[in-house]
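Peer 1: Below: one structure in structure tokens.
The values are calculated or read from the model by the stated rules, or taken from the named source; none is laboratory data. All values reported here derive from a predicted model rather than from experimental measurement. Using ideal geometry, Cβ is built from the backbone for each residue, glycine included, and neighbour counts are taken over all protein chains shown. In case anyone asks, the SASA skips ligands and DNA or RNA and just uses the protein heavy atoms, side chains included. Shrake-Rupley method; radii C 1.70, N 1.55, O 1.52, S 1.80 Å.
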Amino acid sequence: MELKTYISPGCFDESLAEGGQPRAASRVLVDFMQQRSFKEAQELQKLADAAIARQGISFTVYSDQGNIDRAWPFDIWPRTIEASEWQDVERGLAQRLKALNCFIDDVYNDQRIFKADIVPEDIVLSSKNFRPECVGIKPRYGAWANICGSDLVRDASGQFFVLEDNLRVPSGVSYMLENRAVMKQVSPELFENLHIQPVGDYPNRLLSMLSSLSPQEQGVAEVVVLTPGIYNSAYYEHSFLAHEMGAELVEGCDLLVADDDCVYMRNIEGLKRVDVIYRRIDDEFLDPEVFREDSALGVPGLMRAWRKGKVAIANAPGCGVADDKVVYAYVPDMIRFYLNEEPLVPNVPTYLCRRDEDREYVLANIDQLVVKPANESGGYGMLVGPHASAEEHETFRQLIIDNPRNYIAQPTLTLSTVPTLCEDAIEPRHVDLRPFILQGKETYVTPGGLTRVAMVKGSLVVNSSQGGGSKDTWVVDTEVDYVV
Amino acid sequence: MLSRVAERVYWLARYIERVENTARMVLVHSNLMYDLPKKIDMSWYRLIELISCEQQFDVLYDAKTERNVMQMVLTDYRNPASLVSSLQFARENVRTTRDVLPKETWNRINRLYLLVKSREDDVLVRSRRNNLMEEVIESCQSIVGMLSGTLSQDETFAFLVMGRNIERADMTSRILDEGGFFLGQQKHLEQVQAYENVLWANVLRSVSGYLMYRQHVQTEIDGQGVVMFLLNDIKFPRSVLQCMMMVLKTLDDLPDDSGVRLAVEDLKDFLACRTVFEAGSKELHDYLDQLQQKFMYLNDVIYQAWFVPKHVAA
């Protein structure tokens, strides 16, 4: 296959530098691909698709009625990152989550950061993710957000930026693991000849992190995964993680809070105490006694049990207060304030529409910017200025004027690309990266993460619910000699 | 183990067993159709009677043709007792219990489901249908084998064994009843008597009992012998007695089983006090009817013992 003609104009390509030269971490991969014809590459893709269908790796899109699973879209050209470069990112991500946890703990306790005038009190207290019910609580190790999925992108220069921090119920990690399993079937030769950092340790790390949160010092912690059930878009992942950890996968109706304020699950032999809940349902649905009364997914009394320290909940209720695109803009300041360090991975420059001068700039330059609502996820409700119509620009101008607190804007980054198997050729497609960071007693960052790819030419939307696909992500140790 | 998960595992085993039995039934029935002379009133429609779906069949189909019967029994999603429905239920049960089962369980059920779905048209062509049925049976057996080879003999395993054996016993009694019923209806025909052995041999085959009957009973194959073998043989894994003994054994691994143990013991007593039945007689039919009632009762006490959530601490 001829890759000399491959170009990704104006973008940083993860595999091929300008002139078609492979980057160090991609050298063996590019050799491998070059030795194959396009047809052979398509055969490999078919192999991967068949493995995915066979293993029933699927995801759910809310709008698909009746059809609760779709095959997971996967591309066989992996994204590679050099290990030495990754090390810096890893440190930056750990640093960031540490600061975010200091912030959440501070918001619900001393509120030092407001007093020091670093973050304006009103934007935090007005966030719909601020939960007054959490004030005064001190989770173990000061860790509120125990599992974080931060989205990283690279701009044209190749610099990594954090695009957002997903602190509520981040998903995608099972696909990271499955992608690796599929890739090992597609190109076992490459794994034999390259030092690619393994990702398979994640379930162990997750379990030991969750166990470290247990309120009971003695014995083995009873950890459960709380799922909203089979119709949730991430159900596949919930069962996958429960299976991999050997934890029970429970639904709200399997749990109850007894008069002693402890949480129990309904077992065949009677009730059994639960120590740690890895919840995959949003705050609002956790406890109908405290949040939404109509929630059938939650457990009445759960907040009471948590507040009394009888059960650990990961992520802790209320931690979404730091998962807000306005608060995001202040993370570099938080790092300086709490850790007295400089941020190792920068933020994307962000305009806060609540600030008069920022708003004016955004309204004037909306066709150049990406506008996002502060509290949505999954790529919903956002505007990509350069790709939108004048009418859409006008709609968003009005939305911003009506509710400035709720919007932020960022320059449209030229996201990096990875060669991708398209209909008739290998073409560049834009990618982002979601690594997963764990913080309990200890901190852990996945080597790499989930690479999402916008399968439509030129598109920047990588969400699987909106036509995105995924790739395996290889953190390659190039300093270890290749075994030939 | 969660009550909800236990219930789904129990049904998973029942559905896998049901899929296998359905495939086997179709295979054996096809063979029988080819063996018996045209004069004998043996139709494809008997399959519908065997799975007790006559009413629904009348609603969904106009003629009792082979094509319609096969669709109804194998690939019609509107029929909850069809092979593909059972398979779909099995798959949904695995999907919601993946955390307690080996990973291959899902992969294999999923693969089997995709296989049957992709070959729905094959059921209308006799040669390809038989082929497909054989593949289905093989897949079910490999799932059961894989589970036996990888699961610890814990509560999950106990519920799998329990579900499988209850479903099996139920199917065995059903096949006996229908085989007898058929004879009872036709006994006045001399031609039938000439083919009676063929019929009973096929009844045995439909529960994979032909070889074991030959080896262990060592008499010629006749109605009385087969009835006794399928109800009371102590070693044959599909006899009702053996199934009940397997259920009894699972109780050692489960908490607080008193109600269930009593119900199974009662079933065993009921099997022990049988008199010799004439195949096709009303006595046998009544007896099997009572047996079915007892299976239903057993299912109820199992629900009470483990699946209906309790509110007391263990």
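Peer 1: What is the calculated FRET efficiency for A:Tyr231 to B:Asn299, with r their C-beta to C-beta distance and R₀ = 30 Å, to the nearest 0.05?
Peer 2: On the way: r = 28 Å, r/R0 = 0.93.
Computed FRET efficiency for A:Tyr231 and B:Asn299 comes out at 0.60.
Peer 1: Then there's this: Using only the alpha-carbon atoms, how far is helix A:202-211 inclined from the longest principal axis of chain A? Give it as 0 to 90 degrees, nearest 10.
Peer 2: 10 degrees
Peer 1: When DSSP beta bridges are limited to those with both residues in segment A:221-359, what percentage is antiparallel, rounded to the nearest 5?
Peer 2: Values: 8 of 18 bridges.
Given both bridge residues lie in segment A:221-359, the antiparallel proportion sits at roughly 45 percent.
Peer 1: In angstroms, what radius of gyration and Dmax does chain A have, counting Cα atoms only?
Peer 2: When restricted to Cα atoms, chain A yields Rg and Dmax of 22.7, 70 Å.
Peer 1: If you don't mind, another one. Could you work out how far apart the two model spin labels at A:Ala24 and A:Asp122 are, taking each label as a point 7 Å from the Cα in the direction of the beta carbon, and quote it in nm?
Peer 2: The modelled label-to-label distance comes out at 5.1 nm.
Peer 1: Right, another one. Where Lys and Arg each count +1 and Asp and Glu each count -1, what net charge lies around B:Ser118 among other residues with Cβ under 15 Å from its Cβ?
Peer 2: Working: positive: A:Arg54, B:Arg91, B:Arg111, B:Lys117, B:Arg119, B:Arg128, B:Arg129; negative: A:Asp49, B:Glu120, B:Asp121, B:Asp122, B:Glu135.
My count for the surroundings of B:Ser118 gives +2.
Peer 1: Using alpha carbons only, what's the Rg to Rh ratio of segment B:1-156 with Rh from Kirkwood? Please report the intermediate quantities before stating the final value.
Peer 2: On the way: Rg = 16.7 Å, Rh = 16.4 Å.
Dividing the radius of gyration by the Kirkwood radius yields 1.02.
Peer 1: Using only the alpha carbons of segment A:201-329, determine the length spanned along each of the three principal axes and report them from longest to shortest in whole angstroms.
Peer 2: If we take the Cα atoms of segment A:201-329, the spans are 47, 38, 31 Å.
Peer 1: A further question on this structure: Among all the lysines, which ones have a C-alpha under 16 Å from B:Lys235's C-alpha, if same-chain residues fewer than 8 places away are not counted?
Peer 2: Cross-link targets: B:Lys249, B:Lys268.
Peer 1: Please compute the Cα-Cα pair-distance distribution of segment B:78-233 with 10 Å bins starting at 0, giving whole percents from short to long.
Peer 2: Percent of pairs per bin, in order: 9, 29, 32, 23, 6, 1.
Peer 1: Also, quick follow-up: At 1.4 Å probe size, with no ligands or nucleic acids counted, give the accessible surface of A:Ser127 in Å², nearest ten.
Peer 2: Result for A:Ser127: roughly 10 Å² accessible.
Peer 1: Here's a follow-up. Go through B:Ser208, A:Ser212 and list them by solvent-accessible area, largest first, probe radius 1.4 Å. Intermediate results must be reported in sequence, preceding the final value.
Peer 2: Numbers: B:Ser208 55, A:Ser212 20 Å².
Highest to lowest solvent-accessible surface, that is B:Ser208, A:Ser212.
Peer 1: Then there is this: What's the Cα-based Rg to Rh of segment A:195-255, Rh via Kirkwood?
Peer 2: Numbers: Rg = 13.3 Å, Rh = 12.9 Å.
Value, to two decimals: 1.04.
Peer 1: On a straight-distance basis, which lysines could pair with A:Lys138 in a cross-link, Cα separation under 29 angstrom, same-chain partners fewer than 8 positions away excluded?
Peer 2: Partners within reach: A:Lys98, A:Lys115, A:Lys128, A:Lys272, A:Lys308, A:Lys310, A:Lys325, A:Lys441.
Peer 1: Oh, and also: Which residue, B:Thr250, B:Thr105, B:Thr150, has the most motion in a Gaussian network model of chain B that connects Cα atoms within less than 10 Å?
Peer 2: Maximum among the listed residues: B:Thr150.
Peer 1: Another one. First select every other residue whose beta carbon is under 11 angstrom from the beta carbon of B:Ala201; then total the charges, Lys and Arg +1, Asp and Glu -1.
Peer 2: Details: positive: B:Arg205, B:Arg214; negative: B:Asp35, B:Glu196, B:Glu220, B:Asp222.
Value of the local net charge: -2.
Peer 1: Viscosity 1.567 mPa s, temperature 4 °C: what is the translational diffusion coefficient of segment A:361-484 from Stokes-Einstein with a Kirkwood Rh over Cα pairs, rounded to a whole number of µm²/s?
Peer 2: The calculation lands on 76 µm²/s.
Peer 1: Hey, another quick one. Once the whole set of protein chains is in place, how much accessible area is left on B:Met296, using a 1.4 Å probe, in Å² to the nearest 10?
Peer 2: In the full protein context, B:Met296 sits at about 120 Å².
Peer 1: In Å² (nearest 100), what accessible area is buried between A and B, both sides summed, heavy protein atoms only, 1.4 Å probe?
Peer 2: Rounded to the nearest hundred, the buried surface is 2600 Å².
Peer 1: Can you give the average number of partner chain beta-carbon atoms within 10 Å of each beta-carbon in peptide A:268-275, as a whole number?
Peer 2: Details: counts 19, 11, 9, 6, 4, 2, 0, 0.
Average per residue, whole number: 6.
Peer 1: If the cut-off is 29 Å between C-alpha atoms, which lysines fall inside it for A:Lys46, apart from same-chain ones fewer than 8 positions away?
Peer 2: Cα-Cα hits under 29 Å: A:Lys4, A:Lys184, A:Lys457, A:Lys471, B:Lys103, B:Lys117.
Peer 1: Let me ask something else about it. Just reorder A:His387, A:His393, A:His243, A:His195 by solvent-accessible area, largest first, 1.4 Å probe, all chains present. Could the numbers behind the result be given before it?
Peer 2: Numbers: A:His387 115, A:His393 20, A:His243 50, A:His195 80 Å².
Result, largest first: A:His387, A:His195, A:His243, A:His393.
Peer 1: Just read off the accessible area of A:Trp77 with the full protein assembly in place, 1.4 Å probe, to the nearest 10 Å².
Peer 2: Looks like 0 Å² after rounding.
Peer 1: Now a separate question. Taking beta carbons within 10 Å but only from partner chains, what does the mean come to for residues B:91-97? Numbers along the way, then the final one.
Peer 2: Numbers: counts 1, 2, 0, 2, 8, 7, 3.
Across the residues of B:91-97, the mean count of other-chain Cβ atoms within 10 Å is 3.
Peer 1: Can you give the local net charge around B:Asp170? Use residues other than it whose beta-carbon is closer than 12 angstrom to its beta-carbon, Lys and Arg +1, Asp and Glu -1. Intermediate results must be reported in sequence, preceding the final value.
Peer 2: On the way: positive: B:Arg14, B:Arg18, B:Arg164, B:Arg168, B:Arg174, B:Arg238, B:Lys294; negative: B:Glu17, B:Glu167, B:Asp177.
That sum, taken over residues with Cβ under 12 Å, equals +4.
Peer 1: Rounded to the nearest 0.05, what FRET efficiency is calculated for B:Arg119 and B:Gln153 with R0 set to 41 Å and r the Cβ-Cβ distance?
Peer 2: The formula returns an efficiency of 0.70 here.
Peer 1: Principal axes first, then extents: for the Cα atoms of segment A:275-344, list largest minus smallest coordinate on each axis, whole Å, largest first.
Peer 2: 43, 24, 17
Peer 1: OK, next. What value in Å³ per residue do you get for the convex hull of the alpha-carbon atoms in segment A:298-399? Please list the in-between numbers first.
Peer 2: On the way: hull volume 17.4 nm³, N = 102.
Each residue corresponds to 170 Å³ of Cα convex hull volume.
Peer 1: Order A:Ile335, A:Ile401, most accessible first, counting only protein heavy atoms with a 1.4 angstrom probe.
Peer 2: Working: A:Ile335 0, A:Ile401 95 Å².
Highest to lowest solvent-accessible surface, that is A:Ile401, A:Ile335.
Peer 1: Separate question: Counting partner chain Cβ atoms within 10 Å of every residue's Cβ in A:244-250, what's the average? Numbers along the way, then the final one.
Peer 2: On the way: counts 2, 1, 2, 1, 5, 8, 4.
That average works out to 3.
Peer 1: About the Cα centre of chain B, how large is the charge dipole given +1 on each Lys and Arg Cβ and -1 on each Asp and Glu Cβ? Please answer in debye to the nearest 20.
Peer 2: On the way: 37 positive and 43 negative charges, 173 e Å.
Dipole about the Cα centre, nearest 20: 840 debye.
Peer 1: Size of the dipole of the protein assembly as shown about the Cα centre, Lys and Arg at +1 and Asp and Glu at -1 on the beta carbon, nothing else charged, in debye to 20? Don't jump to the answer; show the numbers that get you there.
Peer 2: Values: 84 positive and 116 negative charges, 231 e Å.
Once rounded to the nearest 20, the dipole reads 1100 debye.
Peer 1: On the principal axes of its Cα set, how long, how wide and how thick is chain B? Give whole Å, largest value first.
Peer 2: Largest to smallest, the principal-axis extents are 65, 48, 38 Å.
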